[in-house]
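Below is one structure; the comments refer to it alone.
The values are calculated or read from the model by the stated rules, or taken from the named source; none is laboratory data. Everything quoted here is computed from the prediction, not taken from an experiment. Cβ coordinates were reconstructed from backbone atoms using ideal geometry, including for glycine residues, and neighbour counts include every protein chain displayed. All accessible areas refer to the heavy atoms of the entire protein, side chains included, with ligands and DNA or RNA removed. Shrake-Rupley method; radii C 1.70, N 1.55, O 1.52, S 1.80 Å.
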Amino acid sequence: MSGQKVLLFDVGGVLVDWDGTQGLIELTKGRLDREQARRFWMEFEPLKPFEKGYADGADFAQAAVRELELDMSPDAFLAAFNSWMRGPYPGSLQLVERIKPDYRRAVLSNSNPIHWRRLIDDYGLAKPFEALFVSHEIGQRKPEPEAYHAVIQGMEQSAEEFIFFDDNPECIEAARMLGMQAHQIKGLEQLITVLGELDVLLDGNASQS
């Protein structure tokens, strides 16, 4: 399939309503601002083994409660963490299904067994995609280059043949460093706009279904 473009999607903040940033702001009663909360999910070291599939969520939850100085149990924190994943934005999966058939469609996402199981089993996230590369299954996590290399090798295409969509600037920069075309996306409306500009949809009407 060399030469065929691959549209590669992050999940949270692009296709799926993930409210962990606002959730942390509320849990910390505003001690974290929006950028600090966003960076917590990107940089908090105890989260990485959980998202790479090397550990369950117990150690992560205990460390998060301690680091954030929260007055709650680790189990309560995990319950809140699970509640912040609200499923696909209305119309997002239908939008992906309207991508022209001459493009391949894949996912590269930092996730964990708790959220991913719900996305696959409850919401049918896998349906419109040819391939899914999720951190806890491939053992690699964005923005580490190894995560992108796993996709490049798995899809058997060069980096230049990928168009990547993600909400975090660190992940966009990492993709570009490897030669991918990349677009920072925050929410479905922006994704609709960019896909329309790229002319990858089957028709010119990119409204939500």
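Out of the residues in segment 118-148 that are part of a helix (DSSP H, G or I) and in contact with a Lys or Arg (Cβ under 9 Å, 6 or more places away or on another chain), state the one that is most open to solvent (accessible area, probe 1.4 Å).
Step one: filter segment 118-148 for residues part of a helix (DSSP H, G or I), giving 118-122, 135-138, 145-148.
From what's left, in contact with a Lys or Arg (Cβ under 9 Å, 6 or more places away or on another chain): 135-136, 138, 147-148.
On the way: S135: 1, H136: 34, I138: 51, A147: 1, Y148: 0 Å².
So, considering only residues that are part of a helix (DSSP H, G or I) and in contact with a Lys or Arg (Cβ under 9 Å, 6 or more places away or on another chain), the one most open to solvent (accessible area, probe 1.4 Å) is I138.
List the helices (runs of 4 or more DSSP H) inside segment 1-68, counting only whole elements, that have at least 1 residues being open to solvent by 70 Å² or more (accessible area, probe 1.4 Å) and more than 26 Å from L191 (Cα to Cα).
Helices (runs of 4 or more DSSP H) meeting the threshold: 20-27, 57-68.
For residues that are surrounded by fewer than 18 Cβ atoms within 10 Å (Cβ to Cβ) and in contact with a Gly (Cβ under 8 Å, 6 or more places away or on another chain), tally how many sit in segment 172-198.
Counting residues in segment 172-198 that are surrounded by fewer than 18 Cβ atoms within 10 Å (Cβ to Cβ) and in contact with a Gly (Cβ under 8 Å, 6 or more places away or on another chain) gives 3.
Would you confirm, using the coordinates I've provided, whether Q157 is among the polar types (S, T, N, Q) and open to solvent by 50 Å² or more (accessible area, probe 1.4 Å)?
Against the criterion (among the polar types (S, T, N, Q) and open to solvent by 50 Å² or more (accessible area, probe 1.4 Å)), Q157 does not qualify.
Return the only residue of E43, E69 being more than 17 Å from G20 (Cβ to Cβ) and out of contact with any strand residue (DSSP E or B) (no Cβ under 9 Å at 6 or more places or on another chain).
Numbers: E43 fails: more than 17 Å from G20 (Cβ to Cβ).
Going through E43, E69 in turn, just one is more than 17 Å from G20 (Cβ to Cβ) and out of contact with any strand residue (DSSP E or B) (no Cβ under 9 Å at 6 or more places or on another chain): E69.
Return the total of residues in segment 83-103 being surrounded by 14 or more Cβ atoms within 10 Å (Cβ to Cβ) and within 22 Å of R141 (Cα to Cα).
4
Going through segment 149-166 one residue at a time, which ones are assigned to a helix (DSSP H, G or I) and of a type in the set (D, E)?
E160, E161, listed by residue number.
Take the residues in segment 168-202 that are over 19 Å from V6 (Cα atoms) and not in a helix (DSSP H, G or I); name whichever of them is modelled with the highest pLDDT.
Here the residue is N168.
Any idea which residue in segment 122-166 is nearest to F9 (Cα to Cα), counting only those that are within 14 Å of the chain's Cα centre (by Cα) and of a type in the set (K, R)?
Per the stated criteria, the residue is K142.
Only one of (1) more than 15 Å from the chain's Cα centre (by Cα); (2) open to solvent by 10 Å² or more (accessible area, probe 1.4 Å); (3) free of Cβ contacts under 8 Å to residues at least 40 places away in the same chain fails for D203. Which number is that?
(3)
Does segment 149-194 hold any residues that are of a type in the set (S, T, Y) and in contact with a Ser or Thr (Cβ under 9 Å, 6 or more places away or on another chain), and which are they?
Result: S158, single match.
Restricting to segment 169-181, name every residue that is in contact (Cβ under 8 Å) with a residue 12 or more places away in the chain and more than 15 Å from V107 (Cβ to Cβ).
If the condition is that a residue be in contact (Cβ under 8 Å) with a residue 12 or more places away in the chain and more than 15 Å from V107 (Cβ to Cβ), then P169, E170, I172, E173, A174, M177, L178, G179, Q181 are the ones that fit.
Pairs, please: C-beta under 9 Å, at least 6 apart or cross-chain, first residue within 9 Å of V107 (Cβ to Cβ) and in segment 120-149, second part of a loop (DSSP other than H, G, I, E, B) and among the aliphatic types (A, V, I, L, M)?
Within 9 Å, the pairs are L125/V11; L125/L15; L132/L125; L132/A126; V134/V11.
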